[in-house]
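Contents: one structure, followed by commentary.
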Amino acid sequence: MNKRLFILLVVLMSLSLIGIIAVQAYFINNSYQNEDKQFELNVTRSLSFVSNALEDREFKYYSRKLSEYKRRGLTADTTQIKSLFMEIQDEQNDETIQYRNIISEESYKVPSTFFEIGIDSVEISSLTNERTTRVLKRDPLDGQLVVNPEKTYTEFSNLPEVEKKLFETTFRDRFKNYPIYKRISAKIVDHLLSKRLKQDGIKLNFEFAIYDKDLATKVQSDNFELNEAYNYGVPIFRDNNNNSNYNLLINFPERRKFLFSTILGMLILSVLFTSIIILAYSSAIYQLIKQRQISQIKTDFINNMTHEFKTPIATINLALDSIKNPKILNDEDKVKRYLNMIKDENKRMHAQVENVLRISKLEKNELNISKERLKLHDIVEDAITHVQLIVDDQNGYVKTHFGALKSAVLANQTHFTNVIVNILDNAIKYSDNPPEVDVYTENVGNNILLRIADKGNGMSKQVQKRVFEKFYREHTGNVHNVKGHGLGLAYVKRIVEDHQGHISVESEKGKGSEFTIKLPLIS
């Protein structure tokens with residue numbers, strides 16, 4: 001996959017994921033805000049209901065008290081009559097219609113104890129209404145108007161709504177500046193609030209208070225705290241101008257918890273599905289990056305393998321062409337020499353193929369490794385003999401420093417020898433100067449440590465992290481000055497782990513590397 005296309009794909013997927021998360025966050029926040037507004041609406045409606053209920057309760061109390069006074073024989077002190085008279089001439093029927101509406105207002109003086117607020121006597125008005133309709137016709141003999149008895153109507157009625165309004169106006173004027181705690185108790189307010197809030201679906205603990213402008217009154221719950229951000233309030237006990245100094249305030253300590261509980265199900269599902277999307281996205285990105293790395297590694301591996309096979313194949317072709325030459329064909333020594341070259345190059349290619357197959361079998365757990373009791377020092381000495389000629393040819397050295405008193409391990413002779421040879425071979429190949437290699441052993445508890453240190457080119461931190469990966473080789477452009485195909489150290493790691501051991505590397509660019517192998521000892 002093209003690098004630009006890959007980056008574009010990752011950016012687009014990332015933006016899509018961020019967009020999905022942003023939409024989810026907006027949706028959840030919007031839902032929370034809607035629930036908060038609905039909660040505020042319900043609370044305000046409940047408070048308005050309680051405010052009206054408190055006013056009605058007080059008004060009904062004094063209305064009943066006034067009725068009781070009237071029943072006891074309270075007589076009117078003054079009477080006022082207001083009347084309206086209308087006369088309409090109906091020429092078609094030769095009739096005259098007269099309409100009279102009379103309103104009688106009787107005023108009562110009730111004693112100062114009526115309102116229980118220490119004031120003088122109060123005048124209360126009672127209204128009655130008399131409505132009379134008469135139809136008059138002219139006498140055909142003398143032309144005088146006479147009353148037709150069949151068309152005379154008289155109605156009497158009280159005016160309760162008007163009386164109520166008059167009483168209410170008087171009542172509000174008298175109580176306007178009366179202390180609130182003498183008009184209502186905290187217990188009654190608490191009862192009405194609890195009942196109404198439950199009816200509106202708000203089953204939360206609450207605290208309330210009635211404030212006189214900015215001052216707290218005695219009518220409040222025990223734990224009320226004034227907080228403008230979390231208090232809801234409505235006016236209470238309005239005057240005749242619909243104004244009031246008193247406000248009924250309420251707050252809910254568990255308001256946030258309640259609001260979150262209303263969207264909890266949606267929030268959990270949203271977080272769950274968003275987490276699944278993030279997990280799937282992360283997995284997809286990881287797989288894309290991994291596949292791209294594998295693709296790059298395989299490309300490098302094929303290039304390296306091709307380069308490794310080029311030289312043996314070219315050597316074999318040259319050797320075969322030389323043998324075909326009649327002059328060479330008759331020379332037995334040269335023929336043997338060329339045949340040995342062909343055999344050696346064939347072995348070299350075979351060894352490379354075997355390395356690839358060996359790693360594949362290790363990954364599938366198909367490689368049968370039999371182990372026996374061996375001395376690690378003997379395995380190291382044997383491995384050194386495999387590279388000694390190369391080291392001597394480059395004027396280098398491999399020195400042993402066996403500090404371990406116990407070196408018996410359970411190992412496979414062939415494979416563990418290959419492990420040490422691979423590490424030594426890398427120390428020789430990745431050294432621009434004559435190779436200088438030191439091999440140390442020491443006992444640590446029930447384990448033996450084998451350290452192979454060189455003074456070669458070393459590795460960067462990034463290379464150290466991936467040096468044991470299959471097919472991985474440090475990038476050196478298109479230069480193949482070092483033979484190999486990135487399988488040696490991967491093979492080393494798998495063999496060491498199969499021996500219940502551990503391998504690590506410490507290196508510094510330009511100063512060399514040190515491989516440490518830890519193996520369990522046996523008695």
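The values are calculated or read from the model by the stated rules, or taken from the named source; none is laboratory data. Values in this document were obtained by computation on a predicted structure and should not be read as measured data. Using ideal geometry, Cβ is built from the backbone for each residue, glycine included, and neighbour counts are taken over all protein chains shown. Just so you know, the surface numbers come from the protein's heavy atoms only, side chains and all, with ligands and any DNA or RNA stripped out. Shrake-Rupley method; radii C 1.70, N 1.55, O 1.52, S 1.80 Å.
Near residue 203, within a Cβ-to-Cβ distance under 13 Å, what is the net charge of the other residues, with Lys and Arg +1 and Asp and Glu -1?
So the surrounding residues net to +3.
How much length would be gained if the chain were fully extended between residue 336 and residue 405, taking 0.36 nm per residue of separation minus their Cα-Cα distance, in nm to one decimal? Could the numbers behind the result be given before it?
Numbers: separation 69, 0.36 × 69 = 24.84 nm, distance 4.86 nm.
Fully extending the segment from residue 336 to residue 405 adds 20.0 nm.
With the crude spin-label approximation of a point 7 Å out along Cα→Cβ, what separation in nm comes out for residue 205 versus residue 294?
Placing both labels 7 Å along Cα→Cβ, they lie 5.9 nm apart.
May I ask you to give the solvent-accessible area per residue for the stretch 172-263, in square angstrom, as obtained with a 1.4 angstrom probe?
Using a 1.4 Å probe on heavy atoms only, each residue of the stretch 172-263 averages 61 Å².
Compare the peptides 276-286, 453-463, 419-429, 239-249 by average per-residue count of other Cβ atoms within 10 angstrom and give them in order, highest first.
419-429, 453-463, 239-249, 276-286
Treat each spin label as a single point 7 Å out from the Cα along the C-beta direction, and report the residue 264 to residue 509 distance in nm.
Placing both labels 7 Å along Cα→Cβ, they lie 5.6 nm apart.
How much length, in nm to one decimal, is gained on full extension between residue 33 and residue 137, taken as 0.36 nm per residue of separation minus their Cα-Cα distance?
30.0 nm
Could you work out what % of the accessible surface of the stretch 179-278 is carbon and sulfur, using a 1.4 angstrom probe and leaving DNA, RNA and ligands out of the count?
On the stretch 179-278, the fraction of accessible area on carbon and sulfur atoms equals 53 percent.
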